[in-house]
1. For the range 1-114, what does the alpha-carbon gyration tensor say about shape, rounded, prolate or oblate, given a ≥ b ≥ c as the root eigenvalues, a/c under 1.5 as rounded, and a/b over b/c as prolate?
2. Relative contact order for the chain: what is it in percent, counting Cα pairs under 8 Å that are at least 6 residues apart?
3. Just the Kirkwood number for the chain, please: inverse of mean 1/r across all distinct Cα pairs, in Å, one decimal.
4. If we sort 182-192, 38-48, 150-160, 59-69 on the protection proxy, mean other Cβ atoms within 10 Å, highest first, what's the order?
5. Add +1 for every Lys or Arg and -1 for every Asp or Glu among the other residues with Cβ under 12 Å from the Cβ of Ser62, and state the total.
6. Work out how much length Met246 to Ala231 would gain on full extension: take 0.36 nm times their residue separation and subtract the Cα-Cα distance, in nm to one decimal.
7. Can you give the Rg and Dmax of the range 1-51 based on its C-alpha atoms, in angstrom?
8. Where does the range 71-218 land on the Kirkwood hydrodynamic radius, alpha-carbon pairs, in angstrom?
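FYI, it's all coordinate maths here, none of it is from the lab. Bear in mind that the values here come from a model prediction, so they are computed numbers and not experimental data. Every residue, glycine among them, receives a Cβ derived from its backbone with ideal geometry; neighbour counts consider all protein chains shown.
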Amino acid sequence: MEDIQISTLLLLMFFGFLAAFIDSVVGGGGLISIPALLFSGLSPSAAIATNKLASSMGSLTSTIAFIRSGKVDFKLVSKLFPLIFISSLLGAWVVNFVSPELLKPMILVLLIAIAIYTFFKKDWGQKSTYHTLTWQKAGLFAFAIFAIGFYDGFLGAGTGSFILFAFLMIGFDFLNSAGNAKFLNFGSNLAALIMFIFLDTVNFSYGIPMGISMIAGALAGSKFAIKKGVAYVRVLFIIVTVILIMKNILDYIMGG
């Protein structure tokens, strides 16, 4: 039994590193880490909650790396942090009463639209064109961040990609969008984690070791992205978005 537990932990740490490497830049790490936690024998709710513990550790690490490289706009994200924190907390609470399956059709359509738009607009996000937003655009952007935060607490898959896309839409390049997205994604992860701890659904025995490996993966992934630059982040963003689409379609097929 002890050998099985050790082998399970090693497996979780391996997939945790891999998930965090990808998630540190464009999100989508849950596609790897949550199935690994389910494989370990956790229930779906416990797997999602435990993943929040591990991914919070990873997202904090990548956030610090992006901050040190100067790729985070503190003036903007500091105003948005409380907004995404509260909305994610709300989403994690609502998921106990409403099935997240209700959101999946809309999420699939959004992911397909994002993938097509990003693929065909090849020069998009290569250079930052961000300027101070008008009140109207700032209001729409704040609403988008609130909605994404709620989604992260409620369902969560691909949250980092949605936040990154939101920053691209207001003129940031891919690398700065990734830095800003990780800062806010840490806030939404932390809020959901607090709610899951309150609901007593987090498995700390699996979550902490996996989180330690995610710290290493996030550090490696964010440094690699900063070194490789905008083009690398764009390609990884498209790949992860397409995988998210395929995963959602597969869920429908399996469900049918």
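1. Cα axes put the range 1-114 in the oblate bin.
2. Relative CO of the chain lands at 40 percent.
3. In the chain this quantity evaluates to 18.0 Å.
4. Taking the mean over residues of other Cβ atoms within 10 Å, the ranking is 182-192, 150-160, 59-69, 38-48.
5. Here the charged neighbours net out to +3.
6. Result for the pair: 3.1 nm of gain on full extension.
7. Computed over the Cα atoms of the range 1-51, radius of gyration and Dmax are 11.2, 37 Å.
8. Kirkwood hydrodynamic radius for the range 71-218: 16.3 Å.
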